[in-house]
Amino acid sequence: MDQPVVILDFGSQYTQLIARRIRQAHVFSQVLPYTAGLAQIRALCPAGLILSGSPSAVTYADAPSCDPALFSLGVPVLGVCYGMQLMAQSLGGSVGKARVREYGLRAVTLDVSGELFSGLRPQCDTWMSHAYQVDRLPPGFVGTAHTETCPLAAMEAPGRRLYGVQFHPETSHSQQGMDVIRRFVRDICGCAPSWRMEGFAEQAVADIKKAVGGGTVLLGLSGGVDSAVVAALISKAVGERLNCVFVDHGFMRKDEPELVREVFTRHFPVHLSALDASDRFYEKLRGVTDPEQKRKIIGAEFIAVFRDEAQKLGALDHFAQGTIYPDVIESGAAPGSTVIKSHHNVGGLPRELGFTSLIEPLRFLFKDEVRELGEVLGLPEEMTRRQPFPGPGLAIRTLGELTREKVDLTRHSDAILLEEFRKAGLDGQISQYFTVNTDLRSVGVMGDERSYDTAIAIRAITTDDFMTADWARVPYDTLALVSRRIVNEVSGVNRVLLDITTKPPASIEWE
Ligand code: XMP
């Protein structure tokens, strides 16, 4: 086994993104909580260490910290954002509140004569997200980057292989970010580029075999890529001892329940039960308008439907889920992190279900890695290339209280959008697109009649990891056609809006 690059997680939303970038450089990495002791870290014989960002600040009384001895282990260390500040403070520098809080893309000037940025362009845009910054360097360090308002945007201790960057090289929006990561893990830590997705698949199948033993597994299929890849992995590991349940909660896209049934009976030698549980869901959601409450109710109802189905299927031992990493962090599952949204498919395994274990083989992967894994496992492209679709489905794209009529407007307008974007060949260029029923009514005129109808919004984004996203620059002609078709064909809609917000600060979904 290769020596890993160890990432110490201080609760940043981007920690697993660092791990993913390292995989992209074909290097093996391992994430440990910041509470991991020196002995545990040493035992892994790390080739290098990365200290992640954090929602905390080093000046807080309860700030997460690490053993300063880490900086004299003799292995290269890279501190990212909070990690850089922690390194500075631990080694005798100081950190203070930034005069100007930097958030989003910032132009940075790099000193390319140093070790970390050697070979890079000196000017680039990087992703910043901080209110604190290093204001005095520790002895022996030099500043290696600055922005207009952050004089010490990177630092290094020449010859000691200690580096800090205030920006986030792991986000896709940081230009040359991948180069910084590659330079650190490959050149500075000296790791060989030997990590491959095939190896991950083999390991995952072996882990599942071990966890399941001679038992049986229940998996909830959503119709999306994630649960499909989990189905493929588990069926490789345990064959027909996998039982899949597909719950139609009434918030699926047009024709989706039929498609799921068709694809899953054709491609997988698994037991599949498909249930229409929409009455139950609408009943539970009546009068509910709060987004978090909607998500929680849907999550809880899913569990209830599974419980009922599991009882019908007889004793099953393990419960599997297609949870991927962005779901995990946004639910605040990592130590020291903050809850952003409750993803319905996270939250642990309710004991009352009586399963002995929860199997989540994709827990640390990002969407595009899941697609790649699907391809490695031999899944058809129609499945691996499908757009992500959230577990609560159209329920979180239909704002306010949920009624079948309102969700129908969302579904119908969404089908038009999907059809026209596909026809325009935008599939490969836009990562995710859908419509949102804004629950807003406005005045219009149709024929000679006044209308007072719903406004539908178009959300189309580009991203490679769904952690940060930009709004897609869709050609005007396509937008015009979609808008015209929606207001003409979807009765009850008289206005179409375009969402032009990045993530952050907005999220991709509206609820
Ligand atoms: P947000 O809205 O959090 O979305 O920026 C990031 C990505 O996650 C998808 N998403 C979900 N997926 N269960 C899921 O399986 C959920 O509850 C959920 N909420 C959001 C979203 O579609 C986007 O691709």
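What's the extension gain from residue 283 to residue 427 if we count 0.36 nm per residue and subtract their Cα-Cα distance?
Stretched out fully, the residue 283 to residue 427 stretch lengthens by 48.3 nm.
For a Förster distance of 35 Å, can you work out the FRET efficiency between the beta-carbons of residue 480 and residue 382, rounded to the nearest 0.05?
Calculated transfer efficiency: 0.75.
Any lysines with Cα under 21 Å of the residue 209 Cα? List them, leaving off those in the same chain fewer than 8 positions away.
236
Subtract the Cα-Cα distance of residue 198 and residue 107 from 0.36 nm times their separation in residues, and report this length gain in nm to one decimal.
Result: 29.0 nm gained on full extension.
Please give the contour-minus-distance gain from residue 403 to residue 500: 0.36 nm per residue of separation, less the Cα-Cα distance, rounded to one decimal in nm.
32.2 nm
Which FRET efficiency value, to the nearest 0.05, do you get for residue 65 and residue 39 by plugging their Cβ-Cβ distance into 1/(1 + (r/R0)^6) with R0 = 22 Å?
After rounding, the FRET efficiency stands at 0.85.
Can you give the log10 of the normalised intensity I(q)/I(0) at q = 0.08, 0.15 Å⁻¹, computed with Debye over equal Cα scatterers of the stretch 197-384?
Log10 of I(q)/I(0), two decimals: -0.24, -0.92.
Mind grabbing the accessible area of residue 453 for me, 1.4 Å probe, Å², rounded to tens?
Surface accessible to solvent at residue 453 totals approximately 40 Å².
Rank-order 289-300, 385-396, 161-172 by packing density, defined as the average count of other C-beta atoms within 10 Å over each peptide's residues, highest first.
By packing density, highest mean first, the sequence is 161-172, 385-396, 289-300.
Taking a probe of 1.4 angstrom, what is the accessible area of residue 271 in Å², to the nearest 10?
Using a 1.4 Å probe on the heavy atoms, I get roughly 90 Å².
May I have the convex hull volume per residue, in Å³, for the Cα set of the chain?
Spread over its residues, the Cα hull of the chain gives 162 Å³ apiece.
Give the Rg/Rh ratio for the stretch 163-278, taking Rg as the radius of gyration of the Cα atoms and Rh as the Kirkwood radius, to two decimals.
1.16
Quick one: pull the percent of accessible area on the stretch 403-499 belonging to carbon and sulfur, 1.4 Å probe, ligands and nucleic acids left out.
Ligands and nucleic acids excluded, carbon and sulfur give 50 percent.
Between Rg and the Kirkwood Rh of the stretch 284-327, both from Cα atoms, what is the Rg to Rh ratio?
Answer for the stretch 284-327: 1.08.
Taking the C-alpha atoms of the stretch 84-142, how large are the radius of gyration and the largest Cα-Cα span, Dmax, in Å?
Rg, Dmax (Cα atoms, Å): 12.8, 32.
State, to one decimal in nm, how far the label point of residue 357 lies from the label point of residue 311, with both points 7 Å from Cα in the Cβ direction.
Simple spin-label model gives 2.7 nm for this pair.
Going from most exposed to least, what order do 35, 410, 502 have by accessible area with a 1.4 Å probe?
35, 502, 410
Whenever you get a sec, compute what percent of the accessible area on the stretch 197-384 sits on carbon and sulfur atoms (1.4 Å probe).
Heavy-atom surface of the stretch 197-384 belonging to carbon and sulfur, 1.4 Å probe: 50 percent.
Using only Cα atoms, what Kirkwood radius does the stretch 403-499 have, in angstroms?
After inverting the mean inverse Cα-Cα distance, the result is 13.9 Å.
In Å, the Kirkwood hydrodynamic radius of the stretch 5-188 over pairs of distinct alpha carbons?
15.9 Å
In the stretch 111-128, whose amide N lies under 11 Å from the spot 7 Å out along Cα-to-Cβ of residue 142? List them in ranges.
The answer is 111-116, whose backbone nitrogens lie closer than 11 Å to the label point.
If a helix is a whole DSSP H run, which ones in the chain reach 24 Å or further along their own axis (Cα) and hold a mean Kyte-Doolittle hydropathy of at least 1.6?
Span-like helices here: none at all.
For n ≥ 4 DSSP H runs only, could you compute -39500 (n - 2.57) per run for the chain, divide by its residues and tell me the 222 nm figure to the nearest 500?
My calculation for the chain gives -9500 deg cm²/dmol from helical runs alone.
Between the stretch 363-414 and the stretch 139-206, what is the separation of their alpha carbon centroids in Å?
After rounding, the separation between the Cα centres reads 32 Å.
Pairs 210/312; 294/423; 254/423; 254/406; 210/296: which are spaced more than 23 Å apart, C-alpha to C-alpha?
210/312; 294/423; 210/296
Report Rg (one decimal) and Dmax (nearest whole number) for the stretch 349-482, counting Cα atoms only, units Å.
Looking at the stretch 349-482, its Cα Rg and Dmax stand at 18.6, 64 Å.
Taking the solvent-accessible surface of protein heavy atoms with a 1.4 Å probe, what is the per residue accessible area of the chain in Å²?
41 Å²
The values are calculated or read from the model by the stated rules, or taken from the named source; none is laboratory data. Because the structure is predicted, anything quoted here is derived from the model rather than measured. Virtual Cβ from ideal backbone geometry, glycine too; neighbours counted across all protein chains shown. Please note that ligands, DNA and RNA were not included when accessible areas were found on the heavy atoms of the full protein model with its side chains. Shrake-Rupley method; radii C 1.70, N 1.55, O 1.52, S 1.80 Å.
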